[in-house]
Amino acid sequence: MHRSSYFVLLAAGAMACGNTPKQDATPVADAPAVIAAPLDLPQVKTADAGPKLSPDSPIPPDSMQRVNDVGVAYALIAATMVRQDGYTLNQLYAPNATLKVPDSTITGGANIVRSLLKLGKSKGLSEFRRTSALLQIADDSTLVDSGSYVMVTKRTEKDSTIEQGTYATRWRVRPRAGSWVVLEDAISEAKPMSARPAKKKAK
């Protein structure tokens, strides 16, 4: 499948892809690790050679549906950070979730939500886009996704700064509910890029 990018304001869906998923027999580790991935990723790969899904598994059997579901969840996380919507953001992280950032590890869904809202407000976050590189089945209710991200923050009223890095996230599907929650989220050190000018308003 080709590249699938998830935009912050597109919380209702993710971009569709279409190529045959590449099989990967490498076993999934117990915990996701931040990978060194190129930022201009050409495709999303799905690894279905791992654990087989049981008929009762809440994970969609279709790999494209899994990519889309995770993409929608990423878009919601980004949107809630921008809009400072703590209630909705809290629904996307498990109560015992872990967030790993370069200088600290935050445990507990409530603490993660407070940290992400503070980050979004302090940086003047306007966009937080994740691009998957590899999506793997860990077990009947867990997926592990990794790839790159781009974060756009407002530096002044006239321009903004672009930061980028890599991430790895472990997702759990709630039985019967069909909704996704983050168990572990690891984000690499962001790399600031040159600021981009703000768009001029049409007269």
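The values are calculated or read from the model by the stated rules, or taken from the named source; none is laboratory data. Remember, it's a predicted structure, so these values are computed and weren't measured experimentally. No Cβ is skipped: glycine too gets one built from the backbone with ideal geometry, and neighbour counts run over all protein chains shown.
State yes or no: is Ser160 within 12 Å of the chain's Cα centre (by Cα) and polar (S, T, N, Q)?
Numbers: within 12 Å of the chain's Cα centre (by Cα): no; polar (S, T, N, Q): yes.
The answer is no for Ser160.
Only one of Thr107, Thr153 is modelled with pLDDT under 95 and either out of contact with any Asp or Glu (no Cβ under 6 Å at 6 or more places or on another chain) or of a type in the set (Lys, Arg) (or both); which? Result: Thr153 is the single residue among Thr107, Thr153 that is modelled with pLDDT under 95 and either out of contact with any Asp or Glu (no Cβ under 6 Å at 6 or more places or on another chain) or of a type in the set (Lys, Arg) (or both). Can you find a residue that is under 17 Å from the mean Cα position of the chain (by Cα), in a strand (DSSP E or B) and over 25 Å from Ser160 (Cα atoms) anywhere in segment 81-94? So far as segment 81-94 goes, yes, one or more of its residues are under 17 Å from the mean Cα position of the chain (by Cα), in a strand (DSSP E or B) and over 25 Å from Ser160 (Cα atoms). Condition first: modelled with pLDDT of 85 or more and not in a loop (DSSP other than H, G, I, E, B). Can you find one or more residues in segment 45-63 that meet it? Yes, segment 45-63 has at least one match. Candidates in segment 124-171 are the residues that are touching a residue at least 24 places away in the same chain (Cβ under 8 Å) and part of a loop (DSSP other than H, G, I, E, B); of these, the one that is nearest to Ala94 (Cα to Cα) is Ser141. Of all residues in segment 107-117, count the ones that are surrounded by 15 or more Cβ atoms within 10 Å (Cβ to Cβ) and over 20 Å from Met151 (Cα atoms). Matching residues across segment 107-117 total 2. When Leu99 is tested against (1) crowded, with 20+ Cβ neighbours inside 10 Å; (2) more than 15 Å from Val173 (Cβ to Cβ); (3) at pLDDT below 95, exactly one condition is not met: (3). A count restricted to segment 132-175 and to residues that are touching a Pro at 6+ places or on another chain (Cβ under 8 Å) and surrounded by fewer than 20 Cβ atoms within 10 Å (Cβ to Cβ) stands at 10.
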